[in-house]
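The values are calculated or read from the model by the stated rules, or taken from the named source; none is laboratory data. Model, not experiment: these values are computed from the prediction. We place every Cβ from the backbone using ideal geometry, glycine too, and count neighbours over all the protein chains shown. Ligands, DNA and RNA are excluded from the accessible area calculation, which covers all protein heavy atoms including side chains. Shrake-Rupley method; radii C 1.70, N 1.55, O 1.52, S 1.80 Å.
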Amino acid sequence: MSDLPIEQAIAREERKEQRIYLMLFMPAVMLVVLFLGVPLLILAIQSFQEGGHLTLEHYARIFDEPIYWRTYYDTLEISVAVTVLCILLGFPLAYAAAIAPRGWSTLILALVMLPFWTSVLVRTYAWLVVLQRRGIVNSLLMSAGIIDAPLSLSHNTFAVLIGMVHVMLPFMVFPLYAAISKIPQDLLQAGSSLGGSPWYVFRRVLLPLSLPGMFAGSVLVFILSLGFYLTPELLGGGKTILVSSLVQRNIELYLQFGAASAVAMILLLIVFVIFWLVDRILPVEKIVGMR
Amino acid sequence: MKPAFSRVMGLSLVLAAALFSPAVAQETVTYATDGGNILDVMKKTLIGPAEQKLGIRVVPDPNADRYPVLKAQVLSGKPTWDVVDFSAGYCARGQQEGLLEPLDYSEIPNAASVPEQFKDEYSVGLSAYATVLAYNTDTYGDNGPKTWADFWDVEKFPGRRALRNYARPTLEIALLADGVAPEDLYPLDVDRAYKKLEEIKPHINVWWTSGAETTQLLFDGEVDMLPLWDGRADTAIQEGAAAKFTRNQAIMEYTCLAVLKGTQHKDAAMKFINALLDPKGQAGWATDYLTGPLNTAFAQHVEPKRLARLTTAPENLKVQVPLNAAWWASEAGANAEKRWLEFMQK
């Protein structure tokens, strides 16, 4: 009985502390609600409206016409491809940055980071300069006599993949670098000194320990890829159509914001479902390193 | 104390007047239009002189998708744009949807010499442009494709091709390629047009969406032939692209000027439209940019040699095919446009 007041005091202090945290949190929460939550809500309401009354016609159209599902499917497929390519390219980069001496590692990270500060539009046009029929790659190959006719490198899915991977790579390299640099080098040395081949050590030690970083990077790259607009429009030659282009096209064709909102809402829903599934496999707190 | 105080007050009033009076006197008109080379030339020949003459400030706002933005602005009740130009079908649509302000023709005397077919209560024609067939002279020399049927003939004219990623006027082009006579085009046989397009689809390397893209495709030699706007083609050739274009079977459209409903600067907007239709200004515009002003009075201010190259030159009107904007604004036209998405996705 005698320690009750103390317990109460502790509980009171805890509540007070929580209130302070909550207050510190509020400006950020308000900002998100005001500039993300409210517009999304408007978008959601809009997707059920036409000419001032409620309707399901925009959703009905999406469910009726196979081209919409085709586009969602294509978008998912391209996003998966970009994610896989980012892992394949990003892992060696992140590993090199993690084990290299300090100067080298800074250089590698800077090279990954540098394009990050350039506008996506500029980078996309740069790829056009590199890849098109009379671009740098084709001119070089032609003058070296390796090919007789220019290769079709731009204005197709191949170019879209290159452009998107280039933009997305930093989002994969940095989480991977964070994860790999935390792995004690002793573990790898122990693995080899106990007779493990490099491949075995990679498979049993390095890969499992870097998995959280890879997972975090993959989620980032995948989700961001779903919303790409500029790169597929410019590098795809109009043949690679992703959901964001479909949103634009819906505004242009139907001149109804509801039609475009519905397309966007379904993409959002797909993202939420994916997030929910991911969260069941690996909690988000773990991905962002809070736990 | 008192005199000093009133002197300070007086001084600050003078200062305030000096600071704010220009803003009050100078009205601003925001003009939504195309960007790029055409806007640069317009600034010099039409917009700049209008500002000087009317004592207003004109803010051009280049935007490629003007109709949806206009709709959103008017529906919000407080449009930020005042004057807009776009292809004629949108003026008809804007009128149908009640998004435009009726024009006050007493303020637009220059419209008198714009032919009747290019003006109505809500809009007035600004200029005509044509979708011409351009080809690379490095690839074909002087024996390039001359008709849309040639564009479809991949045996006789092998090479890379681009088409517009849009139904209008690609369906017209397909039908002309299939042998439909220009006078029998409308109403468009949409099924036949899409069938013809399926034929060429595997041979199309780029489906372009913006005018800037076409200049670049022609300039870099990324494709060997493509339909594009005459002004864009001319710009690319002036800048050194190894290309030529033909006006034979070119699809002619025109742009219209309109005022957004609920504009805060109605009076200035009307006067600005009048200034955009100034015959001398339009002549200067057509001298620096390949376009076809619709105020017919412009012709007397243009050199005959230059006139012959313009979209609205009499000789060119004979070989070009006018697009029927009213058909595209109809339900059949809207449906044909929606079908494009399905065609591209297949």
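Computed values, structure above
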| read-out | value |
| --- | --- |
| Where B meets A: accessible area buried, both sides, 1.4 Å probe, Å² | 2800 Å² |
| Cys with no candidate disulfide partner in the protein assembly as shown (beta-carbon separation under 4.7 Å rule) | A:Cys86 |
| Calculated FRET value between A:Arg102 and A:Ala44, using beta carbons and R₀ = 51 Å, to 0.05 | 0.55 |
| Rounded to the nearest 20 debye, dipole of chain A from Cβ charges on Lys, Arg, Asp, Glu | 680 debye |
| Local electrostatic count at B:Ala250 - Lys and Arg +1, Asp and Glu -1, tallied over other residues with Cβ under 15 Å | +2 |
| Proximal lysine pairs, segment B:258-340, alpha carbons under 18 Å, eight or more residues apart or interchain | 4 |
| Computed [θ] at 222 nm, helices only, for chain B once each DSSP H run of length n ≥ 4 contributes -39500 (n - 2.57) | -13000 deg cm²/dmol |
| Backbone HN-Hα couplings from phi across segment B:188-195 [Karplus 6.51/-1.76/1.60, Hz, Gly and Pro as x] | 4, 7, 4, 4, 5, 4, 5, 5 |
| Positive-pole candidate from A:Trp69, A:Val84, A:Met30, dipole of segment A:26-147, charges at beta carbon | A:Val84 |
| Most mobile listed residue (B:Tyr140, B:Tyr186, B:Tyr129) in chain B, GNM with C-alpha springs under 10 Å | B:Tyr186 |
| By average C-beta atoms within 10 angstrom, highest first, the peptides A:266-276, A:15-25, B:310-320, A:201-211 | B:310-320, A:201-211, A:266-276, A:15-25 |
| Highest to lowest packing among B:111-117, B:172-178, scored as the average C-beta count within 10 Å | B:172-178, B:111-117 |
| Dipole magnitude of segment B:201-264, debye to nearest 20 (Cβ charges: Lys/Arg +1, Asp/Glu -1, about Cα centre) | 280 debye |
| Alpha carbon Rg of segment B:232-346, scaled by the compact-globule rule 2.2 N^0.38 Å | 1.34 |
| Farthest positive-ward along chain B dipole, Cα basis, beta-carbon charges - from B:His301, B:Tyr166, B:Gly141 | B:His301 |
| Shielding of B:195-206 by partner chains, average beta-carbon count, 10 Å | 2 |
| Expected 222 nm ellipticity per residue - DSSP helices of 4 or more, -39500 (n - 2.57), all of chain A, to 500 | -24000 deg cm²/dmol |
| Surface per residue (accessible, 1.4 Å probe) for the protein assembly as shown, Å² | 50 Å² |
| For segment A:63-79, residues shielded by at least 20 square angstrom of accessible area compared with the chain on its own, probe 1.4 Å | A:Ile67, A:Arg70 |
| Threshold 40 Å² - residues in segment B:311-346 whose accessible area is reduced by that much or more when the chain is no longer isolated, probe 1.4 Å | B:Lys338, B:Leu341, B:Gln345 |
| Apportionment of accessible area to carbon and sulfur, chain B, percent (1.4 Å) | 55 percent |
| Chain A: most fluctuating residue of A:Ile78, A:Ile42, A:Ile180 per GNM, C-alpha cutoff 10 Å | A:Ile42 |
| Chain B - charge dipole about Cα centre, Lys and Arg +1 at Cβ, Asp and Glu -1, debye rounded to 20 | 980 debye |
| Kyte-Doolittle at least -1.0, axis length at least 18 Å by Cα - qualifying DSSP helices, chain A | A:4-32, A:66-99, A:157-181, A:207-226, A:257-281 |
| Candidates per trypsin sites (Lys or Arg not before Pro) in segment A:101-166, loop by DSSP, up to 13 other Cβ within 10 Å | A:Arg134 |
| Candidate residues A:Met142, A:Met164: accessible-area rank, largest first, probe 1.4 Å | A:Met142, A:Met164 |
| Threshold 40 Å², segment B:207-241 residues less accessible with all protein chains present than alone (1.4 Å probe) | B:Trp207, B:Glu213, B:Gln216, B:Asp220, B:Glu222 |
| Candidates A:Tyr73, A:Tyr59, A:Tyr200: whichever shows maximal mean-square fluctuation once chain A is modelled as a Gaussian network with Cα springs under 10 Å | A:Tyr200 |
| Considering only the protein assembly as shown, percent of DSSP beta bridges that pair antiparallel, nearest 5 | 65 percent |
| Accessible-area composition of chain A, carbon plus sulfur, in percent [1.4 Å probe] | 72 percent |
| Sequence-distant aspartates and glutamates (8 or more away, or on other chains) whose Cα lies within less than 16 Å of B:Lys119 | B:Asp85, B:Glu101, B:Asp104, B:Glu107, B:Glu253, B:Asp278 |
| Set of lysines near B:Lys196 by C-alpha distance (under 17 Å), chain-local residues within fewer than 8 positions excluded | B:Lys346 |
